[in-house]
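See structure below.
The values are calculated or read from the model by the stated rules, or taken from the named source; none is laboratory data. Model, not experiment: these values are computed from the prediction. Note: ideal-geometry Cβ built from the backbone for every residue, glycine included; neighbour counts use all protein chains shown. We work out accessible area using only protein heavy atoms, side chains counted, and drop any ligands, DNA or RNA first. Shrake-Rupley method; radii C 1.70, N 1.55, O 1.52, S 1.80 Å.
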Amino acid sequence: LLKKTLAFKNDLHEALNNKEFFIHYQPIIHTASGTCCGAEALIRWQRPNGPLVKPELFIPYAEEIGIISSITKRVIDLVFEEMEQFLIQNKEAHISINASAEDIHNGWVLELLESKIAKSKITKQQIWIELTERTFLKMEEVKKIFIQARTLGYVVVVDDFGTGFSNLSYLHNVPLDLLKIDKSFIDSLGMHSVTSNVADHIIEMAQGMNLQIVAEGVETQAQYDYLKEKKVDYIQGYLFSKPLPAREFIKFAAQRNIG
Ligand code: C2E
Ligand code: CA
Ligand code: CA
């Protein structure tokens, strides 16, 4: 196991040096208008002549061996490289970036974003920062970062909402913009299972607190109709599109927003 871990560690370092990471962008749809209002940046790793490695496999490793920050930096660099034109031409659009616990705890992500933004015409509201609830172990630190990010003008999203932190009292203490309902709760909509009305409760609670909502992993028209009826603000899922390479995403957005 140790050998395998060490090999993986080398592979990840090599991947960074050889630029083997790239981004796919999954469209996010504004529910009421049906337009594409942005995308989530999702990392991909293609080994030379090898298979595509899923982020779920290597992100936890990268976190464990302490190189997640280098990966996040690569993601941010790529997003600014590939999406700058799109964001300048579509001032209402945004790109969501996933940050890990470590990125947040030492706060450098905000510094990097600040320096990037200063050199571009992208506005801060066009950058959404997604933090999964798993990050929330040290609530005081998370709170500090959320306040900083929002004060600076970024949009902060709680990712995988409902799966991690069991004490929801943080919702009252931490300034938030958006909750992203985890796919597992979307899957169980209308299934008559134990969790099938969790989504309803989350929606009701978020709306009661004036938070916006993204539903992720929407695959069927029935799920979409239901969420639209409930006035969920944004939808993301295979029903509209899988994550796409930059150029294809830009084409998708243009077609969707003209048609
Ligand atoms: P996540 O942030 O919850 O991202 C959503 C995942 O759900 C993505 O998987 C996306 O492709 C998938 N998905 C979206 N809609 C559907 C759907 O309708 N059906 C199905 N079956 N799946 C759907 P992906 O790209 O494999 O990413 C998995 C996880 O890896 C992400 O979950 C996130 O936690 C992590 N990840 C991805 N990119 C990054 C990154 O740049 N940085 C960090 N720290 N984590 C990342
Ligand atoms: Ca995410
Ligand atoms: Ca999720």
Task: Segment K230-K54, length gained on full extension (0.36 nm per residue, minus Cα span) - done: 60.1 nm
Open item on the list: Ignoring ligands, DNA and RNA, please state the percent of accessible area on the chain from carbon and sulfur, probe 1.4 Å.
Closed with: 53 percent
TODO: Can you bin region 1-139 into rounded, prolate or oblate? Criterion: square roots of the alpha carbon gyration tensor eigenvalues sorted a ≥ b ≥ c, rounded for a/c under 1.5, prolate for a/b above b/c, oblate for the rest.
DONE: prolate
Task: Inter-probe distance in nm under a simple model that places probes 7 Å from Cα toward Cβ, at T220 and K138 - done: 4.3 nm
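If a/c stays under 1.5 just call it rounded; otherwise compare a/b with b/c (prolate if a/b is bigger, oblate if not). Do that for region 119-259, with a ≥ b ≥ c from the square roots of the Cα gyration tensor eigenvalues.
In terms of gyration-tensor shape, oblate.
Report relative contact order for region 48-118 in percent, whole number only (criteria: Cα-Cα under 8 Å, sequence separation at least 6).
Over region 48-118, the number comes to 36 percent.
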Task: Accessible surface, per residue, of the chain when the full set of protein chains is kept, probe 1.4 Å, Å² - done: 51 Å²
Task: Label point distance in nm, R47-H13, each placed 7 Å from Cα along Cα→Cβ - done: 1.8 nm
Task: T72 accessible area, assembled protein chains, probe 1.4 Å, Å² - done: 10 Å²
Open item on the list: Starting from the 7 Å offset along Cα-to-Cβ, what nm value, one decimal, do you get for the label separation of I147 and Q125?
Closed with: 2.4 nm
Open item on the list: For the chain, set up a GNM with springs between Cα atoms under 10 Å and report which of D182, D159, D11 has the largest fluctuation.
Closed with: D11
Task: Stretchable slack from Q89 to K251, in nm (0.36 nm times residue separation minus alpha-carbon distance) - done: 57.0 nm
Open item on the list: Helix-only estimate, please: 222 nm mean residue ellipticity of the chain, summing -39500 (n - 2.57) across DSSP H runs of length 4 or more and dividing by its residues, to the nearest 500.
Closed with: -14000 deg cm²/dmol
Task: Burial order of peptide ranges 14-23, 96-105, 148-157 (average beta-carbon count within 10 Å, highest first) - done: 96-105, 148-157, 14-23
- [ ] For region 42-156, build the charge dipole from Cβ charges (+1 Lys, Arg; -1 Asp, Glu) around the Cα centre, then report which of S120, I97, G107 sits farthest towards its positive end.
- [x] S120
TODO: Determine the shape class of the chain: with a ≥ b ≥ c the square roots of the Cα gyration tensor eigenvalues, call it rounded for a/c under 1.5, and otherwise prolate if a/b is greater than b/c, oblate otherwise.
DONE: rounded
TODO: Report the paramagnetic label zone for F22: residues of region 36-59 whose backbone N is under 20 Å from a point 7 Å from Cα along the Cα-to-Cβ axis.
DONE: 39-59
- [ ] Can you tell me the order of 186-196, 243-253 when each peptide is scored by its average per-residue count of other Cβ atoms within 10 angstrom, highest first?
- [x] 243-253, 186-196
